[in-house]
Amino acid sequence: MPQDGSVQSVDRALQILTLLTEHESLGVSEIARHLGVHRSTAFRLLATLEGRDFVEQETHRGTYRLGFSVLRLSTRVAARMDFARAAQLVCDQLSAELNETSNVAILDDAAAVNITQSSSTHLLGVTQQYVGRRTPLHATSTGKVLLAYSGPDAFLGLDDPLESYTPATITDRAALVAHLDEVRGRGWAGAVEEWEQEMNAVAVPVFDASGQVVAALSLTAPSFRMHADDLESYAARLSEHAERLGRMVGA
């Protein structure tokens, strides 16, 4: 194993895939030369990749090219990119309509990760850029939505007791479970100064074609402008955009 902690055989296999994206096909000797390894080493790596359908052999030429497993992976990546583009469009339209900051977040390893954001034009508003940032599931509106509609495994990565960010943060697991039942019942989640003081948020689920929640769409604003009593009406507006986002990605 190299000193940087990477696995050499995995690194070489990935180098092969990279080479085959740059060349239509290559022979074993050519690949071995590029990698700086013996021909037998290159052959074993290719055999492993071929067994998983990441490369395939052109029998009439004795060379290798990318296999269909790479296509399946690229299709999944393209689908995620398409979703991110559609989410950004919806956020832009939502923020233009309501003039508050909107986000779309997805569940990732016991956190809500924001993939898009569109800001308001108010002088006093959300000043931080949250795209790519991991936010707590139990203290944010998007996190609560994602947690409420996910399986029990989503709870495994949460701290016990739950971390407190403000005096309003829910830190008791039993209280959180009861709160999430309410979220599922009404179809939206609010966060009233629970992650950041003087800042409120509301989020709704985004469903795919099978009825599974794939993301959460939220709106965030200072508490003096978005009152707790107004969250339900904001949620109704958000739901319209969430449904449209689902349709835009084939949901």
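Quick look at the numbers
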item: Qualifying GluC sites (Glu not before Pro) in the range 84-191, DSSP loop, other Cβ atoms within 10 Å at most 16; result: GLU163
item: Amide H partners (placed H, <5 Å) of SER223, local residues excluded; result: MET199, ASN200
item: Additional length obtainable on full extension of the chain from ALA209 to THR18, 0.36 nm per residue less Cα span; result: 65.4 nm
item: Heavy-atom SASA rank of PHE155, PHE68 (probe 1.4 Å, accessible area, largest first); result: PHE68, PHE155
item: 3J(HN,Hα) from dihedral phi, the range 101-116, Karplus parametrisation 6.51/-1.76/1.60, rounded to Hz, x for glycine, proline; result: 6, 10, 9, 10, 10, 10, 7, 8, 6, 6, 8, 9, 10, 6, 9, 8
item: FRET E, pair ALA228, ARG85, Förster distance 35 Å, beta-carbon r, rounded to 0.05; result: 0.60
item: Rounded if a/c under 1.5, otherwise prolate or oblate - the range 8-68, Cα gyration tensor axes; result: rounded
item: Exposure of TYR165 as accessible area (Å², to 10), given a probe of 1.4 Å and all protein chains; result: 90 Å²
item: Surface per residue (accessible, 1.4 Å probe) for the range 8-107, Å²; result: 59 Å²
item: Percent accessible area from carbon and sulfur atoms, the range 150-251, protein chains only, probe 1.4 Å; result: 49 percent
item: With eigenvalues of the C-alpha gyration tensor scaled by 5 and rooted, the range 90-165, Å; result: 26, 13, 10
item: Rg ratio (alpha-carbon, reference 2.2 N^0.38 Å) - the chain; result: 1.31
item: Area accessible to solvent at MET199, 1.4 Å probe radius, in Å²; result: 40 Å²
item: Value of D in µm² per second that Stokes-Einstein yields for the range 131-251, Kirkwood Rh from Cα pairs, at 4 °C (1.567 mPa s); result: 89 µm²/s
item: Computed lengthening from ALA168 to ARG44, 0.36 nm per intervening residue step minus Cα-Cα distance; result: 38.9 nm
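The values are calculated or read from the model by the stated rules, or taken from the named source; none is laboratory data. Keep in mind it's a predicted model, so treat the numbers as computed, not measured. Note: ideal-geometry Cβ built from the backbone for every residue, glycine included; neighbour counts use all protein chains shown. Heavy atoms of the whole protein, side chains included, go into the accessibility calculation; ligands, DNA and RNA do not. Shrake-Rupley method; radii C 1.70, N 1.55, O 1.52, S 1.80 Å.
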